[in-house]
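A.B. asks: My questions will all concern the structure given below.
Every read-out reported here was derived from the displayed coordinates using simple, explicitly stated rules and does not represent laboratory data. Please read these numbers as outputs of a predicted model, since none were measured by experiment. Here Cβ is always computed from backbone atoms with ideal geometry, including for glycine, and neighbour counts include all displayed protein chains.
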Amino acid sequence: MITFTAGEVFEMAEQIERDGARFYKDAAEFATEGRKALLLRLAKMEEDHEYVFSELHEALAEHEKKSISSDAKDQGVLYLRAMVDGKIFQNDVSRETLAGMNLENILKVAINLEKDSIIFYQCIRERAIATPETAQRIGVIIQQEIGHILELTKQLETLSKN
């Protein structure tokens, strides 16, 4: 049986957003001025998402703070647990690695990180959150993360044309 609390899920979400913001800020240090603005804007969006998750975490009702459990057939919760254990989502790109990467590779890494966060948030929304209001707010964040992917893809396409 796998168990964790909704509070722990929100702590994970907050950490994902902090890691995303750090990634974009670190990448911005090695980017040209034009690209730096994009990366810093994405970092700010991740910080905004962290704030939303922090608010949701603080607003949890007492009944939502109880453990969420799963049997072996509940793949969504098993996936969340694998993420918690560091087996799936890892933002471990060091500053040294970023310094040696070109912008195309940085954008590709960013797209993959955004995809991972979307999957995580979908699992939260579908398996771990009780209230419709919370699920709706997480849905908004998912749409914003999709927007990040579209923006990063557009930037990647622009690079390949030049």
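A.B. asks: First select every other residue whose beta carbon is under 14 angstrom from the beta carbon of I149; then total the charges, Lys and Arg +1, Asp and Glu -1.
C.D. replies: That works out to -3.
A.B. asks: Let me ask something additional. How big is the equivalent ellipsoid of region 1-45 along its three axes, where each semi-axis is √(5λ) from the Cα gyration tensor, reported in whole Å from largest to smallest? It would help to have the intermediate numbers written out before the result.
C.D. replies: Working: eigenvalues 197, 14, 6 Å².
In descending order the semi-axes read 31, 8, 5 Å.
A.B. asks: Let me ask something additional. So for region 101-162, what percent of the C-alpha to C-alpha distances run longer than 18 Å? Mind dumping the intermediate values first?
C.D. replies: Numbers: 836 of 1891 pairs.
So the portion of pairs separated by more than 18 Å is 44 percent.
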